[in-house]
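FYI, it's all coordinate maths here, none of it is from the lab. Computed from a predicted model, the values in this text were never measured in an experiment. We place every Cβ from the backbone using ideal geometry, glycine too, and count neighbours over all the protein chains shown.
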Amino acid sequence: MVSPCKLEGPPKRSRPSKWLINHFSSLGTSIYSAGVSALMEEFHVSMPVSLLGLSLYALGLALNPIVGAPISETRGRKAVYIITLPLFLLFTAGAGLSRNVESFNILRFLSSTFGSPALALGAGTIADIWDMEHGGGLATVLITSTFFLGPSLGPLIGGYTMETRGDWRWLMWVMLLIAGPIGLLALPSRETSKKIILARRAKQRGVPGPPRPPPTTALKMLFVITLVRPLKMLVSEPIVMSWALFAFLESYPYVFSTVYGLAGRTRVLGHLHRHAPRRFHIRHH
């Protein structure tokens with residue numbers, strides 16, 4: 001009998017849809033910033049209340065990977081994608097159909113909660129299907145870039161959407177138009193986790209798998225890996241701390257509109273300034 005440990009793992013082939021899943025999940029963070037004022041006027045709420053749609057979305061992106069990542073290690077990557085992607089689309093549609101600010105904020109939070117596992121699983125999926133010697137480095141760079149491209153392009157896409165449509169609900173429809181086809185492409189994909197593939201093959205061949213740790217030990221490992229270690233890195237690793245400064249991205253629309261008096265398309269184009277090569281920057285005298 002062939003040992004399941006010697007069986008082949010997942011096929012090493014490209015899955016560009018997984019890069020795009022990370023893109024639209026992070027895109028939802030900032031695309032809403034262009035519609036904050038319009039939502040304030042429609043629902044007659046204050047600026048802090050309207051900004052909850054942004055804050056709660058970011059909170060959902062932070063919380064759900066704590067659950068989604070461990071599940072992917074025990075049930076597989078595909079199980080997480082299949083469950084979370086349709087729910088992400090449904091809650092995004094619900095946010096666009098909201099008739100009051102309370103339901104909008106709640107649905108925005110749920111939307112990000114079920115969209116965030118894609119961000120957590122992206123690097124793991126890349127490690128599953130690429131070897132570092134055969135394009136894994138480039139794939140890692142590309143999927144990491146989606147974490148920045150989403151929030152950076154969100155205000156630009158949202159600003160032009162509000163300029164042409166004038167309705168904040170269209171921000172949600174744009175999300176659906178981008179995420180829907182990408183989600184459909186990702187759903188038929190096969191399982192990529194080598195550990196899950198080998199476990200399933202071993203079960204089919206009647207080979208006993210490795211012993212599972214006691215529940216208390218497994219819970220302790222989950223707590224340390226998903227909660228304690230990230231928080232420790234946040235306060236002890238400078239490069240991780242610098243990522244936290246990315247939250248100031250949402251100050252761009254406010255600064256450009258109130259300090260510099262820019263509006264509409266001109267305001268959102270300011271987001272591209274920090275990404276343009278230095279030789280293209282405009283010097284002010």
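Summary table
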| quantity | calculated |
| --- | --- |
| Taking Val67, Val141 and counting other C-beta atoms within 10 Å, the order from fewest to most | Val141, Val67 |
| Shape category assigned to the range 14-214 from the gyration tensor of Cα positions, a/c cut at 1.5 | prolate |
| Efficiency of FRET between Arg165 and Leu227 - r from beta-carbon atoms, R0 41 angstrom, step 0.05 | 0.50 |
| Within straight-line cross-link reach of Lys195, aspartates and glutamates at Cα separation under 20 Å, skipping those fewer than 8 residues along the same chain | Glu8, Glu73, Asp128, Asp131 |
| Segments 233-241, 188-196, 122-130, 30-38 sorted - mean Cβ within 10 Å per residue, highest first | 30-38, 122-130, 188-196, 233-241 |
| Low-density loop positions, chymotrypsin sites (Phe, Trp or Tyr not before Pro), the range 57-104 - DSSP coil, at most 14 other Cβ in 10 Å | none |
| Vicinal HN-Hα couplings computed from phi for the range 42-55 (Karplus, 6.51 cos²θ - 1.76 cosθ + 1.60; Hz; Gly/Pro x) | 6, 9, 6, 10, 7, 4, x, 5, 5, 6, 4, x, 8, 5 |
| Pairs from Lys194/Lys232; Lys78/Lys203; Lys78/Lys220 whose Cα-Cα separation, in the structure shown, is over 22 Å | Lys194/Lys232; Lys78/Lys220 |
